[in-house]
1. Whether any residue in the stretch 157-166 is surrounded by fewer than 20 Cβ atoms within 10 Å (Cβ to Cβ), out of contact with any strand residue (DSSP E or B) (no Cβ under 9 Å at 6 or more places or on another chain) and on the phi > 0 side of the Ramachandran plot is what I want to check.
2. What are the residues in the stretch 205-229 that are part of a helix (DSSP H, G or I) and either in contact with a Phe, Trp or Tyr (Cβ under 7 Å, 6 or more places away or on another chain) or open to solvent by 80 Å² or more (accessible area, probe 1.4 Å) (or both), if any?
3. Would you confirm whether any residue within the stretch 168-180 is in a helix (DSSP H, G or I), open to solvent by less than 50 Å² (accessible area, probe 1.4 Å) and more than 19 Å from Thr60 (Cα to Cα)?
4. With the requirement that a residue be surrounded by fewer than 19 Cβ atoms within 10 Å (Cβ to Cβ), within 24 Å of the chain's Cα centre (by Cα) and over 16 Å from Asn235 (Cα atoms), what does the stretch 80-94 give you?
5. Considering each residue of the stretch 8-23, count those that are free of Cβ contacts under 8 Å to residues at least 60 places away in the same chain, of a type in the set (A, V, I, L, M) and out of contact with any Asp or Glu (no Cβ under 7 Å at 6 or more places or on another chain), and give that number.
6. Can you tell me which residues in the stretch 42-75 are surrounded by fewer than 21 Cβ atoms within 10 Å (Cβ to Cβ) and of a type in the set (S, T, N, Q)?
7. Given the structure, is Ala97 over 14 Å from Val22 (Cα atoms) and part of a helix (DSSP H, G or I)?
8. Is it the case, given these coordinates, that Thr21 is buried (at least 19 other Cβ atoms within 10 Å of the Cβ), under 22 Å from Met208 (Cβ atoms), out of contact with any helix residue (DSSP H, G or I) (no Cβ under 7 Å at 6 or more places or on another chain) and not charged (D, E, K, R)?
Amino acid sequence: MFADSPGVAGLEVTTESGVKTVRLNRPDKFNAITWEMYRGITDALNSAADDNNVKVVLLTGTGKWYSSGNDLSNFVKNMPAGGPQEMADNGRDVLLAFCESMIKFPKPLVAAVNGPAIGIPVTTLGLCDLVYCTEKATFKTPFVSLGQSPEGCSSFLFPRTFGLAKANEMLLTERQITAEEASAGGLVTRIIPEAEFQAEVDKVVKHMASLPPQSMKISKALIRQEIQDKLLEVNERECHTLRDRWLSDECMTAIMNFMSRKK
């Protein structure tokens, strides 16, 4: 195993036996994602797409959480000279590139959800090819209460995955669902007992990495080709909508209230 460089705080990227592992590594912050981590994941995926030594990419988290989602301090710390407008524009560009790197990734993209997931780590599971989780994983998308809106192409993929009524319950009422519900709805490939989780996921990704890589890429392209352009279109629309929401009074007030409760 070797670590990829340069490093990004909160992110651990390693490659072994054809498997590149991108690990969210901020357990003290429940693996919340900073702007730098978004860029680091995007760079890791884009480089892996062109690296013949990488056959599979695995996304996972350190500790008891998969990820608590967007680090909301992204919106209040290190405000750029252009103020909220520049912050929102920059955030849109980062998120657009992040989701696009997942949509366009030509090789198997596997998520190992080792614990609770909130927000964008949930929505982007629909952009992965295989999703495994432990029985302790939960899934929640609290966009409305934060004055925001869906991303990760969830406004398109969740109704296709769960059906419209269940998707609305997740995206509009913010109901948290269990691992069993996520599996039954088709978001999760398989639930693996926590004690066996790491070993079983390693077995799956190593097996995939041993298979003929061109056949794997061609098969994935065939599976995705009908919705690839649609996902890029949805991603663009969602990110532009989010940019506008970040500048809204509703969103700013909700984020400041959330940050004040954390103190």
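1. Let us first name the residues in the stretch 157-166 that are surrounded by fewer than 20 Cβ atoms within 10 Å (Cβ to Cβ), namely 159-161, 163-166.
Narrowing further to those that are out of contact with any strand residue (DSSP E or B) (no Cβ under 9 Å at 6 or more places or on another chain): 159-161, 163-165.
After this cut, where a residue has to be on the phi > 0 side of the Ramachandran plot as well, the list is 163.
There is at least one residue in the stretch 157-166 that is surrounded by fewer than 20 Cβ atoms within 10 Å (Cβ to Cβ), out of contact with any strand residue (DSSP E or B) (no Cβ under 9 Å at 6 or more places or on another chain) and on the phi > 0 side of the Ramachandran plot.
2. Lys206, His207, Ser210, Gln214, Ile218, Leu222, Ile223, Asp229
3. Yes, the stretch 168-180 contains a residue that is in a helix (DSSP H, G or I), open to solvent by less than 50 Å² (accessible area, probe 1.4 Å) and more than 19 Å from Thr60 (Cα to Cα).
4. Result: Glu86, single match.
5. 2
6. Across the stretch 42-75, the qualifying residues are Thr42, Asn46, Ser47, Asn52, Asn53, Thr62, Ser73.
7. On the way: over 14 Å from Val22 (Cα atoms): yes; part of a helix (DSSP H, G or I): yes.
In short, yes.
8. Yes.
The values are calculated or read from the model by the stated rules, or taken from the named source; none is laboratory data. Note that the structure is predicted; figures quoted are calculated from it, not measured. Reconstructed Cβ throughout: ideal geometry from the backbone, glycine too, with neighbour counts over all protein chains shown. Only protein heavy atoms, including side chains, enter the accessible area calculation; ligands, DNA and RNA are left aside. Shrake-Rupley method; radii C 1.70, N 1.55, O 1.52, S 1.80 Å.
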